Every structure is written in structure tokens, then in C-alpha cells.
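Next up is a structure, given as C-alpha cells.
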Amino acid sequence: MTQTATSTTRAVDALRELILRGEFPAGSRLGEVELAARLGVSRTPVREALTRLAAEGLVELVPNRGARVSQWSVEELEGIFDLRTQLEPQLTALAAPNASDADLAALDELAARMVEVGHPGPGQDLDALVPLNREFHAKLAELAQHPALAGALATAVHAPVVLRNFHTYDEQSLRRSLAHHVEIVAALRAGDPEWARAVMTAHIRNARAVMVRAAEDQENP
């Protein structure tokens, strides 16, 4: 791999993580010069990274105005969450019979860690929830062993992930979200696909209520 390709890959990974962590809010401008300085690379890898992330749906390239973090209307978000509600509970149900003891232990650890860092109190670290949450949901999709459904979900999940800044959650919504992860693991351990499906459905609807409300507030300040 050439040095330029390595720099581009590093820039793509770093910028994706910054966006997914909420460092750049939806709609914020992504300047090439500023990003190059922040990431420690030249403008060429940054420009390529923005193009790749635009293909993923995380970035919008606006003619004559540069790049910005993608943002969605209330209607678009509702449509995306409708699609997630069809796909992710099904994947979670499919994961139930495939989860080994090692898989359950890994998911259990992720769920416990999310409760630990997300629980309201002096030790709360909401930013740390984002990668843990992403890993948990990715593990479920992997266990489902259904690449077509997982691929469709990966496309659908971009908008909610970008907006999934856990600072947006009120305390009760956050507590519900954390508890859902724990209960999903319990359902998988019991080998009960329908229980797993039901909890994931509730989990997504909880997230939908938070994210749609936030988008409505943004559209109608």
C-alpha cells in the first residue's frame, strides 16, 4: 500500500469516527484545510476521505460550498427508523440460535460496560457509549448470519448513528436504552427469538422517539 493510500485510509477512519462520535454535528461544515491540520495529513487524503464518506452517506458534498456532515429531515428520519424497525428486530431474532457462550459473554460485557459508562452520575461518559453501542449492534448483525439483511441495515443505519449523540437522550430514555441491551442478551441466552425481536423493536422505537423529537426541535427552534 502506498503512503498516499495509507494516509487516505487513516483519514477516512479518523474522520468517520469523529462524525460518529458527534464531534461534528449534523449540518456542520467540513473544511479541508482544518481537517488536514487536525488529522495530520495533507489535503489530498482529506479530499478523498470526504468523497468516500459521501458514498457512505455520512457526508454531503455541496457544489461550490464544500462538504458538510449529512443531516436529515423529520420525514427522512421517520422513514429510516421505519426501515430499521423492519430489519434489525429480524436480525436480532436470527442471532438468537447462533449465539455461542463466548458470543453471549462478549455481548454481556458490552451491555454491562454501557450501563457502567452511561448510568447517570459522576462517572457518566456519554461519548464512550457510541463505540460500545456500535460494537453491540454490529455483533448482533454478525450473529444473524444473513449478509443481505445486514447490508441493508448498514445502509439504513447511517442517519441515526450520526445523530446518535447520547447527550440528546433524556435520563429516562437513556435508562431504557441501556436496559434494552441487557435484556437482549438475556433473550439470546434463553434462545428465545421472539423475545429478542420484541426488545429490539422497543429499543429502536425508543431511539426513534428521541431522534425525531430532536430533529423536530431543530426544524422548529
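Scanning for something part of a loop (DSSP other than H, G, I, E, B), free of Cβ contacts under 8 Å to residues at least 60 places away in the same chain and under 25 Å from GLY151 (Cβ atoms), does region 103-125 turn up at least one residue?
No.
Only one of GLU76, GLU116 is open to solvent by 30 Å² or more (accessible area, probe 1.4 Å) and touching a helix residue (DSSP H, G or I) at 6+ places or on another chain (Cβ under 8 Å). Can you tell me which?
Just one listed residue meets the conditions, GLU76.
Go through (1) under 16 Å from THR85 (Cβ atoms); (2) of a type in the set (D, E, K, R); (3) open to solvent by 70 Å² or more (accessible area, probe 1.4 Å) and name the single condition ARG208 misses.
(3)
Checking ALA138 against (1) within 17 Å of ILE204 (Cα to Cα); (2) in contact with a helix residue (DSSP H, G or I) (Cβ under 8 Å, 6 or more places away or on another chain); (3) hydrophobic (A, V, I, L, M, F, W, C); (4) modelled with pLDDT under 95, which test does it fail?
Only one criterion is unmet by ALA138, namely (2).
Give me the pairs: first residue in region 2-20 and assigned to a helix (DSSP H, G or I), second residue modelled with pLDDT of 90 or more and of a type in the set (D, E, K, R), beta-carbon distance under 6 Å, and six or more apart or on different chains, which are they?
Filtered contacts from region 2-20: THR8/GLU48; VAL12/ARG52.
Which one of these does ASN64 not meet: (1) open to solvent by 30 Å² or more (accessible area, probe 1.4 Å); (2) part of a helix (DSSP H, G or I)?
Only one criterion in (1) open to solvent by 30 Å² or more (accessible area, probe 1.4 Å); (2) part of a helix (DSSP H, G or I) is unmet by ASN64, namely (2).
If the requirement is being farther than 22 Å from ARG113 by Cβ, open to solvent by 10 Å² or more (accessible area, probe 1.4 Å), assigned to a helix (DSSP H, G or I) and not charged (D, E, K, R), which of these qualifies: ALA186, ALA198, ALA179, ALA202? Give the steps one after another, and end with the answer.
Numbers: ALA186 fails: farther than 22 Å from ARG113 by Cβ; ALA179 fails: farther than 22 Å from ARG113 by Cβ; ALA202 fails: farther than 22 Å from ARG113 by Cβ.
None of the others qualify; the one that does is ALA198.
Do you know which residues across region 126-147 are part of a helix (DSSP H, G or I), open to solvent by 70 Å² or more (accessible area, probe 1.4 Å) and over 20 Å from ALA186 (Cβ atoms)?
If the condition is that a residue be part of a helix (DSSP H, G or I), open to solvent by 70 Å² or more (accessible area, probe 1.4 Å) and over 20 Å from ALA186 (Cβ atoms), then ASP127, ARG134, PRO147 are the ones that fit.
Another question, then. Name, by its number, the condition in (1) within 16 Å of the chain's Cα centre (by Cα); (2) without any contact (Cβ under 8 Å) to a residue 40 or more places away in the chain that does not hold for ARG43.
(1)
Test of understanding: among LEU35, LEU30, LEU58, which residue is surrounded by 15 or more Cβ atoms within 10 Å (Cβ to Cβ), touching a Phe, Trp or Tyr at 6+ places or on another chain (Cβ under 7 Å) and farther than 25 Å from ALA187 by Cβ?
So the residue among LEU35, LEU30, LEU58 that is surrounded by 15 or more Cβ atoms within 10 Å (Cβ to Cβ), touching a Phe, Trp or Tyr at 6+ places or on another chain (Cβ under 7 Å) and farther than 25 Å from ALA187 by Cβ is LEU30.
Of all residues in region 38-49, count the ones that are of a type outside the set (Asp, Glu), open to solvent by 70 Å² or more (accessible area, probe 1.4 Å) and touching a Ser or Thr at 6+ places or on another chain (Cβ under 6 Å). Give the steps one after another, and end with the answer.
Initial filter on region 38-49 (of a type outside the set (Asp, Glu)): 38-47, 49.
Now restrict to residues that are open to solvent by 70 Å² or more (accessible area, probe 1.4 Å): 38, 43-44, 47.
Those left that are additionally touching a Ser or Thr at 6+ places or on another chain (Cβ under 6 Å): none.
The qualifying residues number 0.
While we're here: Which condition does ARG52 not pass, out of (1) open to solvent by less than 70 Å² (accessible area, probe 1.4 Å); (2) within 28 Å of ALA148 (Cα to Cα); (3) part of a helix (DSSP H, G or I), if it passes all the others?
So ARG52 meets the others, but not (1).
State which residue pairs qualify: first residue free of Cβ contacts under 8 Å to residues at least 24 places away in the same chain and inside region 58-77, second residue outside any loop (DSSP other than H, G, I, E, B) and open to solvent by 70 Å² or more (accessible area, probe 1.4 Å) in any location, beta carbons under 6 Å apart, and separation of 6 or more residues or different chains.
GLU60/ARG68
Being on the phi > 0 side of the Ramachandran plot and open to solvent by 30 Å² or more (accessible area, probe 1.4 Å) is true for just one of GLY191, GLY151. Which residue is that?
Going through GLY191, GLY151 in turn, just one is on the phi > 0 side of the Ramachandran plot and open to solvent by 30 Å² or more (accessible area, probe 1.4 Å): GLY191.
The values are calculated or read from the model by the stated rules, or taken from the named source; none is laboratory data. Everything numeric in this text was worked out from a predicted model, so none of it was measured. Because the Cβ atoms are built from the backbone with ideal geometry, glycine has one as well, and the counts that use them run over all protein chains shown. Side chains included, ligands, DNA and RNA excluded: accessible areas come from the protein's heavy atoms. Shrake-Rupley method; radii C 1.70, N 1.55, O 1.52, S 1.80 Å.
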